[in-house]
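Q: One structure, pasted below without further comment.
Where a number appears in this text, it was derived from the coordinates with a stated rule and is not lab data. Since this is a predicted model, take the numbers as computed values, not measurements. Cβ sites come from the backbone with ideal geometry, for glycine too, and all protein chains shown count toward neighbours.
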There are 2 protein chains.
Amino acid sequence: MPILEDLKWRYSTKKYLDKTISDENVFIILESIRLSATSLGIQPFKVFIIEDKSVREQLRIASNNQSQITQASHVLVFAAWKHIDNNMIDAYIHLIAKTRNEELVSLQSFKNMIVQFVKEKNPSEILEWTSKQTYIALGKAMFCAASLKIDATPMEGFNATQVNTLLNFDIQGLHSSVILALGYRDATNDKLSHKAKVRRPASEFFESI
Amino acid sequence: MPILEDLKWRYSTKKYLDKTISDENVFIILESIRLSATSLGIQPFKVFIIEDKSVREQLRIASNNQSQITQASHVLVFAAWKHIDNNMIDAYIHLIAKTRNEELVSLQSFKNMIVQFVKEKNPSEILEWTSKQTYIALGKAMFCAASLKIDATPMEGFNATQVNTLLNFDIQGLHSSVILALGYRDATNDKLSHKAKVRRPASEFFESI
């Protein structure tokens, strides 16, 4: 079962080699994110690829100085929408109509449903919901990377306020949700790379009803 | 690029055939969830496999009567931990020690870090954080299913309070986070199965800095 071998092979990489992921593989990982499912299909987030060295340095400082931020080949910041207004919903409805060659009128009830869904949530509930959608994509990107034998580090340990400021998210209505570093493990210097994966046994983790 | 073909093939299935996923494939999907990364590695959730027909019927009622709940081959409910106490942290630390044959004393600083992390969060922040971890696993399970050409429906549209009561989650300190139906699409009757996937173009979804 190669799928499970890939998933057992992966771990949260602490130290990376100075080795760059090929453009083709970067494309595949980004596409796995872009194709990811989101609730209502609205894709309420953007993904920033941090290439600038100086921005990487500052991002590292805002991330408890975790070295992966500057060492990894690629660093992605998932930025969740902080609010959803009618223009954003309209843009999505128009995208559906265009992609599927459908009449806008046939999408009216779906649009009304989204408007109602959003109206029932306060700003913090909206952000919680949009952030969760980034985590589905995070899971997909990690799975995709493992399938390509590319290492990854999902990272929550950063100061979101500082990252929002650094990347000008506030003015764009975005909030830094989670970071994913990608690259190739430095197996010689990353002692974690040789340690057994710690997971509860299936008998404790699953329950049939 | 077979990975991307699988991800393009998948969609949020609305109608399922009466066809059961093999035990081997169920095992692989469940393992993809159990092996999923979680923040701090603590796996703050459980996954329930709903097999009982009567429970499925009631779950469907609590889920806006979405037919996938009773039609799909398998239905998983991700149940996030509502709180994290010292016993749970201790159990995790002991699991690390046992799995890696390490001394407990060498894990003390990691344990202290988790205790501090939890202490700084209020109950709703804890639940938000544990729920997000289930979404990583959800993404992995969906990717895994697509790789096996098994269809899936991620579902948020349920009454969490009702589901918590139905599945006795309250007494277990759990909260229903998200549901995943799994099975085989009924392509003849599911009109969505033939529609184009709607995603924003990469130029709008990604940004390099």
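Q: May I ask you to compute the full-extension gain from B:GLU156 to B:GLU5, defined as 0.36 nm times their residue separation minus their alpha-carbon distance, rounded to one decimal in nm?
A: This chain segment gains 51.8 nm when fully extended.
Q: At R0 = 41 Å, how high is the FRET efficiency between B:ASP85 and A:ASN122 if r is their beta carbon distance? Nearest 0.05 is fine. Working shown, then result.
A: Details: r = 29 Å, r/R0 = 0.70.
After rounding, the FRET efficiency stands at 0.90.
Q: Between copies, how far apart are the B:SER22 label points? List them in nm, one decimal, shortest first, with each point 7 Å from Cα toward Cβ, please?
A: Ordered by distance, the counterparts are at 3.1 nm.
Q: Let me ask something else. Helix B:123-147: angle to the longest alpha-carbon principal axis of chain B, degrees 0 to 90, nearest 10?
A: Result, in degrees: 50.
Q: Here's another thing I want to ask about it. So if I place +1 on the C-beta of Lys and Arg and -1 on the C-beta of Asp and Glu, and nothing else carries charge, what would the dipole magnitude of region A:109-209 be about its Cα centre? I want it in debye, nearest 20. Don't jump to the answer; show the numbers that get you there.
A: Working: 12 positive and 10 negative charges, 63 e Å.
Here region A:109-209 has a charge dipole of around 300 debye.
Q: Just to be sure I understand: with springs between alpha-carbon atoms less than 10 Å apart, which residue in B:GLN43, B:GLN108, B:GLN68 has the highest mean-square fluctuation in the Gaussian network model of chain B?
A: For chain B, modelled as a Gaussian network with Cα springs under 10 Å, the answer is B:GLN108.
Q: Averaging sequence separations of C-alpha pairs under 8 Å and six or more residues apart, then dividing by the length of chain B, give the relative contact order as a whole percent. The partial results should precede the final answer.
A: Values: 297 pairs, mean separation 75.4, N = 209.
Relative contact order here is 36 percent.
Q: For the protein assembly as shown, with only Lys/Arg (+1) and Asp/Glu (-1) charged at the beta-carbon, what is the dipole magnitude about the Cα centre, in debye rounded to 20? Let's see the in-between values first.
A: Working: 50 positive and 46 negative charges, 59 e Å.
It works out to roughly 280 debye.
Q: Here's another thing I want to ask about it. Between A:ILE61 and B:MET113, what FRET efficiency follows from the Cβ-Cβ distance if R0 is 25 Å, with the result rounded to 0.05? Can you show the working numbers first?
A: Numbers: r = 20 Å, r/R0 = 0.79.
In this case the efficiency is close to 0.80.
Q: Could you pull out the pairs from A:LYS19/A:LYS197; A:LYS149/B:LYS19; A:LYS14/A:LYS140; A:LYS19/B:LYS98; B:LYS111/B:LYS132; A:LYS119/B:LYS19 whose alpha carbons sit more than 31 Å apart here? Numbers along the way, then the final one.
A: Details: A:LYS19/A:LYS197 25 Å; A:LYS149/B:LYS19 33 Å; A:LYS14/A:LYS140 20 Å; A:LYS19/B:LYS98 34 Å; B:LYS111/B:LYS132 21 Å; A:LYS119/B:LYS19 39 Å.
Violating the 31 Å limit, Cα to Cα: A:LYS149/B:LYS19; A:LYS19/B:LYS98; A:LYS119/B:LYS19.
Q: Quote to one decimal, in nm, the extra length available between A:GLN172 and A:SER22 on full extension: 0.36 nm per residue of separation minus the C-alpha distance between them. Could the numbers behind the result be given before it?
A: Numbers: separation 150, 0.36 × 150 = 54.00 nm, distance 3.01 nm.
Taking A:GLN172 through A:SER22 to full extension adds about 51.0 nm, to one decimal.
Q: Using +1 on the beta carbon of Lys and Arg, -1 on that of Asp and Glu, and nothing else charged, what's the dipole of chain A about the Cα centre, debye to 20?
A: Working: 25 positive and 23 negative charges, 112 e Å.
Dipole of chain A, to the nearest 20 debye: 540 debye.
Q: Quick check: the angle from helix B:86-100's long axis to the longest principal axis of chain B, C-alpha only, nearest 10 degrees?
A: Between the helix axis and the principal axis of chain B, the angle is about 80 degrees.
Q: Among B:16-22, A:130-136, how do they line up by average Cβ neighbours within 10 Å per residue, starting with the highest?
A: Working: B:16-22: 15.1, A:130-136: 26.0.
Ranking the peptides B:16-22, A:130-136 by packing returns A:130-136, B:16-22.
Q: To one decimal in nm, how far is B:TRP9 from the same spot in the other copies, if labels go 7 Å from Cα toward Cβ? Please give the shortest first.
A: Listed shortest first, these distances are 2.0 nm.
Q: Here is a further query. Suppose R0 equals 25 Å. What FRET efficiency, 1/(1 + (r/R0)^6) with r the Cβ-Cβ distance, do B:LYS149 and B:LYS191 give to the nearest 0.05? Walk me through the numbers on the way to the answer.
A: Values: r = 20 Å, r/R0 = 0.81.
Computed FRET efficiency for B:LYS149 and B:LYS191: 0.80.
Q: Which chain B residue comes nearest the axis with its C-beta when you rotate B onto A, and by how many angstrom?
A: Chain B residue with minimal Cβ-axis distance: B:GLY139, 1.
Q: Ok, one more. Please state the shape class of region A:93-180: rounded when a/c is under 1.5, otherwise prolate if a/b exceeds b/c and oblate if not, all from the C-alpha gyration tensor. Working shown, then result.
A: Working: a/c = 2.47, a/b = 1.44, b/c = 1.71.
Cα axes put region A:93-180 in the oblate bin.
Q: Using only the alpha-carbon atoms, how far is helix B:23-34 inclined from the longest principal axis of chain B? Give it as 0 to 90 degrees, nearest 10.
A: With both axes taken from Cα atoms, the answer is about 40 degrees.
Q: Per residue of A:128-141, how many C-beta atoms from partner chains lie within 10 Å of its own C-beta, taken as a mean? If you can, show how the numbers build up before the last one.
A: Details: counts 6, 1, 0, 4, 10, 3, 4, 9, 13, 3, 6, 16, 8, 3.
The shielding value for this peptide is 6.
Q: Specify whether the C-alpha gyration tensor of the protein assembly as shown places it in the rounded, prolate or oblate class, a ≥ b ≥ c being the square roots of the eigenvalues: rounded for a/c under 1.5, otherwise prolate if a/b is larger than b/c and oblate if not. Let's see the in-between values first.
A: On the way: a/c = 1.44, a/b = 1.15, b/c = 1.25.
Rounded.
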